[in-house]
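So the structure is just underneath, and the comments pick up after that.
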Amino acid sequence: MSPYAEFASQDVQVEWLAGIMRGAAVQQSKKTLGEMAGLFHDANALCSMDESTVVYRVQWTEPVPLGTEGGLFWGSTTIAPGRVGDEYFMTHGHYHLKRDRGEYYGAISGKGMLVLMDEDRATRTEAMFPGSLHFIAGGNAHRVVNTGEEPLLFWACWPSDAGHDYASIKTQGFGARVLHRHGGPVVIPA
Ligand code: PAN
Ligand code: ZN
């Protein structure tokens, strides 16, 4: 049987502008400040904050089993506004386990930066704003930073066999951080 046959019976609806997915197949997760310890550079600032604060939420659907070659996953991410010290709320960030797998991000509301890092740690950013579309080429670690005062919402589409390598980011970080300086975001080499 085709690995895609089951998808015909899935029933997922989206509210595009709200980033909400509905249906039995929809999965969701959230990441709190406590779960992100070690990712922000100012550990003291983090200590003085409520560790149950939700930094971002993700909803997604996996119409084929994780690891299936040729399928696609679809989801939304909403990052709350906020900072840990001078560092904006952001996603954990990851490489794909299968390094050559790419991804699309498309921003709906809010503003921020997509931080991209290749395997030589060369790091660059792309501005995210309502309507911005981002092709993340294979081999690039990706993280989104909310530099605004509203939630930052984007949709994403990624290959079902991409997988997520969080450990490399946890241990080595990105080659740059986006920090609040002189009233706005500045990209600082790390
Ligand atoms: C996205 C991300 C999502 C959350 O769906 O998984 O924005 O970011 P982290 O996975 O870094 O916590 C994606 O890039 N999928 O591959
Ligand atoms: Zn990804």
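Data table
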quantity	calculated
Length added when fully stretched, Ala24-Glu69, from 0.36 nm per residue minus Cα-Cα	13.9 nm
Amide H contacts of Gly148 (H built 1.01 Å from N, under 5 Å, at least 5 apart or other chain)	Lys111
Shape call, the chain: gyration tensor on alpha carbons, a/c limit 1.5	prolate
Computed lengthening from Glu119 to Thr53, 0.36 nm per intervening residue step minus Cα-Cα distance	20.6 nm
Total formal charge among the other residues, if their Cβ is under 14 angstrom from that of Phe174, Lys/Arg +1 and Asp/Glu -1	-1
Computed E for Ser132/His180 - FRET, C-beta separation, R0 25 angstrom, nearest 0.05	0.75
Per residue solvent-accessible surface (Å²) - region 1-113, probe of 1.4 Å	54 Å²
Estimated dipole of the chain in Debye, rounded to 20 [Cβ of Lys and Arg +1, of Asp and Glu -1, Cα centre]	280 debye
Region 126-190 and region 57-122: distance between their alpha carbon centers, rounded to Å	7 Å
Whole-Hz ³J(HN,Hα) from phi, Karplus 6.51 cos²θ - 1.76 cosθ + 1.60, for region 65-81, glycine and proline x	x, 3, x, 5, 6, x, x, 9, 10, 9, x, 10, 10, 10, 9, 5, x
Amide H partners (placed H, <5 Å) of Thr53, local residues excluded	Leu33, Gly34
Three-way shape label, region 1-104, alpha-carbon gyration tensor, a/c 1.5	prolate
Lysines whose Cα lies under 19 Å from that of Lys30, excluding same-chain neighbours fewer than 8 positions away	Lys170
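The values are calculated or read from the model by the stated rules, or taken from the named source; none is laboratory data. This one's a predicted model, so the numbers in the text were calculated from it and none came from an experiment. In this analysis, Cβ positions are derived from the backbone assuming ideal geometry, glycine residues included, and neighbour counts consider all displayed protein chains. Heads up: the accessible areas ignore ligands, DNA and RNA and are worked out on the full protein's heavy atoms, side chains in. Shrake-Rupley method; radii C 1.70, N 1.55, O 1.52, S 1.80 Å.
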